Amino acid sequence: MERCKVCRNQSFETGTIELHNSVNGTTFAATLEARTCSACRHAVVDPDAAKAFELQVAAELVRMGRPTPAAFRFMRTALDFRGPQLAALFGVDRGTLSRWENGVLRVDRGAFVVLGGLVMERLSGRDDTLSRLKALQAPPAASNAVVRIAGLPMRAPSPQAKSA
Ligand SMILES: [Zn+2]
């Protein structure tokens with residue numbers, strides 16, 4: 001039988017809890033369902049719901065478009081990237097990334113936009129940009145490789161096309 005982590009009680013109720021996150025001077029709030037200990041009122045939220053809240057806050061930061069150190073760090077952690085991991089994906093050294101997040105260096109606009117793209121794609125279940133960033137880490141293809149392009153419209157030019 002499940003026990004409360006705080007008081008070891010075994011009975012719970014379903015209730016709600018208010019979550020808050022403050023970034024860039026804006027507070028983001030949401031009400032989530034929680035299992036609440038009926039003795040000590042300790043509340044536990046579903047980790048998936050808590051993660052969804054975090055990603056939605058990150059999406060709001062993307063829409064607000066203010067590339068501050070706090071926004072950058074929040075978006076990175078919402079995506080579960082460690083600093084060195086994201087630095088490698090972005091092709092910058094980890095010191096640069098940590099200086100962006102500490103406000104020592106101005107956050108690179110391009111990096112902020114790409115990070116925002118990763119947030120929005122994660123929310124829509126896509127990973128196009130992440131795949132491209134990972135591809136950049138791979139060794140380049142041989143320069144004499146042939147890449148066949150498929151799916152082009154196949155039709156002969158019409159006779160009028162030349163005179164136009
Ligand atoms: Zn309890």
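Quick one: what are the phi-derived ³J(HN,Hα) couplings along the stretch 26-37, Karplus 6.51/-1.76/1.60 with θ = phi - 60°, whole Hz, x for glycine and proline?
10, 9, 9, 10, 8, 9, 10, 6, 9, 9, 10, 5
Would any residue of the stretch 85-116 have its amide N under 17 Å from a label point 7 Å out along Cα→Cβ of Arg132? List them or say none.
Hits in the stretch 85-116 for Arg132 at 17 Å: 89-92, 109-116.
For the stretch 12-137, what is the convex hull volume of the alpha-carbon atoms per residue, in Å³?
Measuring per residue, one finds 117 Å³ for the Cα hull of the stretch 12-137.
Please tell me the relative contact order of the chain in percent, rounded to the nearest whole number, where contacts are Cα pairs under 8 Å and at least six residues apart.
15
Values quoted throughout were computed directly from the atomic coordinates according to the rules given, and no laboratory measurement underlies them. In this text the structure is predicted, and so the values were computed from the model without any measurement. Methodologically, a virtual Cβ is constructed for each residue, glycine included, from the backbone with ideal geometry; neighbour enumeration extends over all protein chains shown.
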